[in-house]
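Structure record follows, encoded as structure tokens.
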Amino acid sequence: MKKIAALTAFATIFAFGSASAQQVAVKVGVLTDMSSLYADVTGPGSFLAARMAAADFMKDHPDVKVEVLSGDHQNKADVGSQIANQWYDVGGVDMIIDVPNSGVALAIAEVTRQKNKVFIGSGPASSDLTGPKCSPNTVHWTYDTWMLANGTGKAIVKTGGDTWFFLTSDYAFGHALERDTSAVVEANGGKVLGKVRHPLNTNDFSSFLLQAQSSKAKVIGLANAGGDTINSIKQAAEFGIVKGGQNLAGLLVFASDINALGLPTAQGLIFTETWYWDLNDASRAWTKRWHAERNATGKVPTMNMAGVYAGTLHYLKAVAALKSDADGRAVVAQMKKMPTDDPLFGKGEIRADGRKLHPAYLFEVKKPEESKYPGDFYKVRATIPANEAFRPLKDGGCPLVSG
């Protein structure tokens, strides 16, 4: 049962005020990648974000007791499902949040539906979570492949990047991102010249990059994330791909990736995100708290972590409104009924298909000489309004809204 051991690795209980007969007890499970290629974009930072949300909520709601657990799904759907079943059946967990890795997330969404609990996806990207695989028990919070494709892909095609070759992570997330971006490229008059798929958590991209280089495509679309994106960009620099006239499109890039790459390597990258630590005063204030509690030099919070904080907070507001967490579908229905409002994403809403709506931002990585302090990575090229950032409801094919 070593696979289950990870779920008990961390547990934090916050309790304010005295217990009473009316007190509601809630358990939140942060199911994430604690030690592999997505650990810096989610992992311990997401666990902390959920704890911060719980603490903030309980200051104003002493009648609600929140316990936050974490587990490591190891990027394996069977391990994630096993932990989820254990948490729901034995551990008393009411809501699972984060879950980077779309393959694992799709499995967790199904387990959650069967158990009538709540799943909030901050880490996964596949737009299928609010499309054909939508569920009355799932909310997709931070971003998705449709948003990434339409933000980054459209912008690059419109500025001349009209031939593409995809370097794709070979599982549900990469496939969905390649699919959605290909559709955008072709809809805007571009062409896809080829693709190659690589295993998750790859160290050597040389053979894949040679195929991309030989395609002569103007743009090499990186349909991967985390450590895979970092390694592919580093090795592309070693191959002189950009110097040779081809451009890299980071289709899912996080501040932690830029931190790892450094501005000399990452400068000029264009990509889409929904949150950045240095975006405004509220984001900076939250990041200052996150850093103080994270106690990890050189780390930066990502949009996934912001989504965990905001998603947890909104979930707890819905539980408080219902005075119960017993019926997962009822809680999600309440989350959709209530407008969202938090310091990181501002005001928004959750649609009938479970898609959380908020603005997205097209960013460009600054040149080293443009950066004025540590973590000063991005400049905003465009703000995409919430009603344009995500796929139209009618186009998703979600059974909850079709017909």
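Would you pick out the residues in the range 346-401 that are β-branched (Val, Ile, Thr) and within 26 Å of Gly250 (Cα to Cα)? Selection gives Val365, Val380, Thr383, Ile384.
Among the residues of the range 347-366, at least one is acidic (Asp, Glu) and assigned by TED's automatic domain parsing to the domain that holds Leu263.
Pairs linking a residue in the range 374-392 that is over 28 Å from Arg351 (Cβ atoms) to a residue that is among the charged types (D, E, K, R), with Cβ atoms under 7 Å and 6 or more positions apart or on different chains, are Gly375/Asp278; Asp376/Asp278; Asp376/Lys366; Phe377/Lys366; Lys379/Glu364; Lys379/Lys366.
Of all the listed residues (Asn201, Asn224), the sole one being assigned by TED's automatic domain parsing to the domain that holds Arg381 and either among the basic types (Lys, Arg) or crowded, with 24+ Cβ neighbours inside 10 Å (or both) is Asn224. Taken over the range 204-216, residues that are assigned to a loop (DSSP other than H, G, I, E, B) and surrounded by 15 or more Cβ atoms within 10 Å (Cβ to Cβ) amount to 2. Only one entry of Thr312, Thr340 meets the criterion of being crowded, with 24+ Cβ neighbours inside 10 Å and among the polar types (S, T, N, Q), and that entry is Thr312. Checked against the criterion of being over 28 Å from Lys76 (Cα atoms), touching a strand residue (DSSP E or B) at 6+ places or on another chain (Cβ under 9 Å) and either at pLDDT 95 or above or of a type in the set (Val, Ile, Thr) (or both), the candidates Ala176, Ala212 yield just one match: Ala212. Reported count of residues in the range 86-103, each being farther than 18 Å from Pro136 by Cα and either acidic (Asp, Glu) or without any contact (Cβ under 8 Å) to a residue 40 or more places away in the chain (or both), is 2. May I ask you to verify whether Ile384 is surrounded by 19 or more Cβ atoms within 10 Å (Cβ to Cβ), out of contact with any Lys or Arg (no Cβ under 6 Å at 6 or more places or on another chain) and either assigned by TED's automatic domain parsing to the domain that holds Trp286 or within 30 Å of Ala266 (Cα to Cα) (or both)? Taking the combined requirement at face value, the residue satisfies it. Selection over the range 334-385 of residues that are basic (Lys, Arg) and farther than 28 Å from Lys133 by Cα gives a count of 5.
Do we find that Lys243 is surrounded by fewer than 23 Cβ atoms within 10 Å (Cβ to Cβ), at pLDDT below 95, of a type in the set (D, E, K, R) and not assigned by TED's automatic domain parsing to the domain that holds Thr302 in this structure? The answer is yes for Lys243. On the stretch given as the range 266-280, residues that are within 30 Å of Gly240 (Cα to Cα) and either outside any loop (DSSP other than H, G, I, E, B) or more than 18 Å from the chain's Cα centre (by Cα) (or both) total 8. The residue list Gly244, Gly221, Gly240 contains one member that is outside any helix (DSSP H, G or I) and without any contact (Cβ under 8 Å) to a residue 12 or more places away in the chain, which is Gly240.
Residue by residue, here is whether (1) assigned by TED's automatic domain parsing to the domain that holds Thr42; (2) farther than 23 Å from Leu357 by Cα; (3) touching a strand residue (DSSP E or B) at 6+ places or on another chain (Cβ under 9 Å) holds:
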{"residue": "Ile270", "(1), (2), (3)": "no, no, yes"}
{"residue": "Ala296", "(1), (2), (3)": "yes, yes, no"}
{"residue": "Lys299", "(1), (2), (3)": "yes, yes, no"}
{"residue": "Tyr309", "(1), (2), (3)": "yes, no, yes"}
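Checking each residue in the range 252-286 for being touching a Gly at 6+ places or on another chain (Cβ under 6 Å), of a type in the set (A, V, I, L, M, F, W, C) and within 21 Å of Ser46 (Cβ to Cβ) picks out only Phe271.
Lys372 meets the conditions (1) assigned by TED's automatic domain parsing to the domain that holds Thr265; (2) at positive phi in every case but one. The failed one is (2). Looking across the range 138-187, the residues that are part of a loop (DSSP other than H, G, I, E, B) and surrounded by 24 or more Cβ atoms within 10 Å (Cβ to Cβ) come down to Trp141, Thr142, Tyr143, Asp144. Mind checking whether some residue in the range 287-298 is part of a helix (DSSP H, G or I), under 18 Å from Asp40 (Cβ atoms), touching a Pro at 6+ places or on another chain (Cβ under 9 Å) and β-branched (Val, Ile, Thr)? Yes, that holds for at least one residue.
The values are calculated or read from the model by the stated rules, or taken from the named source; none is laboratory data. Values in this document were obtained by computation on a predicted structure and should not be read as measured data. Cβ coordinates were reconstructed from backbone atoms using ideal geometry, including for glycine residues, and neighbour counts include every protein chain displayed.
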